[in-house]
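A.B. asks: Input: one structure, supplied below.
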Amino acid sequence: MRRVRGGPALVRGPVRISLPDGRVVTSERFVVAVCLCRRSGIYPLCDTSHRQRDRP
């Protein structure tokens, strides 16, 4: 696993993630981006929502 500064954790796949509510998310990709900011629309997988910035 490798954490990207300001972004997701990159995990060598395939992965199986068990969520607290009992759901299980799987991915067969060779590298999986796991969301750490909880902004993703497909949480627990990253959809790059962390890149969005509020503009003054």
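The values are calculated or read from the model by the stated rules, or taken from the named source; none is laboratory data. What you are looking at is a predicted structure, and each value in this text was computed from that prediction instead of being measured. For neighbour counting, all protein chains shown are included, and Cβ atoms are generated from backbone atoms with ideal geometry for every residue, glycine included. Side chains included, ligands, DNA and RNA excluded: accessible areas come from the protein's heavy atoms. Shrake-Rupley method; radii C 1.70, N 1.55, O 1.52, S 1.80 Å.
Every residue, every condition in (1) farther than 26 Å from residue 52 by Cα; (2) touching a helix residue (DSSP H, G or I) at 6+ places or on another chain (Cβ under 6 Å); (3) modelled with pLDDT of 90 or more; (4) open to solvent by 30 Å² or more (accessible area, probe 1.4 Å), yes or no:
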residue	(1), (2), (3), (4)
10	no, no, yes, yes
18	yes, no, yes, yes
21	yes, no, yes, yes
27	no, no, yes, no
32	no, no, yes, no
41	no, no, yes, yes
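Here is a yes/no grid of residues against (1) part of a loop (DSSP other than H, G, I, E, B); (2) hydrophobic (A, V, I, L, M, F, W, C):
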residue: 6; (1), (2): yes, no
residue: 10; (1), (2): no, yes
residue: 16; (1), (2): no, no
residue: 21; (1), (2): yes, no
residue: 33; (1), (2): no, yes
residue: 37; (1), (2): yes, yes
residue: 42; (1), (2): yes, yes
residue: 47; (1), (2): yes, no
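A.B. asks: Just one of 45, 19, 10, 36 is in contact with a Ser or Thr (Cβ under 8 Å, 6 or more places away or on another chain) and not polar (S, T, N, Q); which is it? Please lay out each step first, then the result.
C.D. replies: Details: 19 fails: in contact with a Ser or Thr (Cβ under 8 Å, 6 or more places away or on another chain); 10 fails: in contact with a Ser or Thr (Cβ under 8 Å, 6 or more places away or on another chain); 36 fails: in contact with a Ser or Thr (Cβ under 8 Å, 6 or more places away or on another chain).
When all the criteria are applied, what remains is 45.
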